[in-house]
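Remarks on the structure that follows.
What follows is calculated from the coordinates using simple rules that are stated; it is not laboratory data. None of the values given here were measured: they were computed from a predicted structure. Virtual Cβ from ideal backbone geometry, glycine too; neighbours counted across all protein chains shown.
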Amino acid sequence: MRRATMWAVAAAAVLGTERVGAQDAADDAGRLFPLLDIGVARAFGATLADRSVTGTSGGQAYHESMRLRLDGQWGIIAEGRVPLGRAKVWGIEAYGARFRGRGRLDAARQVASPVTTAVLDTLNAPLRGVTSWRGTLGVVRAVPLPARLTGALLVGGTYGTVRSGGQACQSVVVAPALVFPPPGQPCAPALDLTTPGATLGADVFTPEWRGLRLRAALKGDVLRVDEAEVRRSMHWGAFAASPLGEGAARWHVLPSFTVGVEFRIPL
């Protein structure tokens, strides 16, 4: 009889513990954990500038185009998140990332007159060692999802930079007697851009297992890029004059994706 009683007490304790654990897991669904994460991220390819203008210069038809494209970049991210209040539905997040990869800078200038054929100058410069820094401070809110998953939505302000080292430009023959740039005269585009803006993000967390949760995050950095800064970064003699202006600041989206493991900090 004693043995039966002891087994019954032990079974009740185990079942009670399991129920408490299940209840805790259920309570944690839809809540934020304190988060401190360092991981690897992938930024997708994105266009930072795409300008095409047509007008008149010196009584001649004039067309100018410019395009800056970044390839996909791998990066390192550091992220911290602190839940607010007892419910832990809202929180504050700080996010920093450094991406590095390649890009391409293309430009063209075309002038035509009634008495001469069109003269086309082109610049095609691959960019290596393009480094992008981004820092974000924002507000995050937990969102319950089916299958005991937890989602989180982020909105915040972002400040970033995009820089690259100068690279030698390739000479392009644009006419039998015209080569640009002239031999021996280097052309070295070097990016030095500031990119303020905002970040929108969405995270998905798996249920907790021994204090760990798998985490997938998708972020879209909506950054303000000044076309005039890009234009001046080319150091291209053909763009020394700006009959149609240097361009304006425009918004571009740079998406990135992160997969990682989140460790629950007992706070």
Quick shape summary for segment 188-267, equivalent ellipsoid via Cα gyration tensor, semi-axes whole Å in descending order, reads 43, 12, 9
The alpha-carbon center of segment 27-73 and that of segment 187-265 are separated, in whole Å, by 6 Å
Separation of the Asn124 and Ala248 label points, Cα + 7 Å toward Cβ, nm
3.2 nm
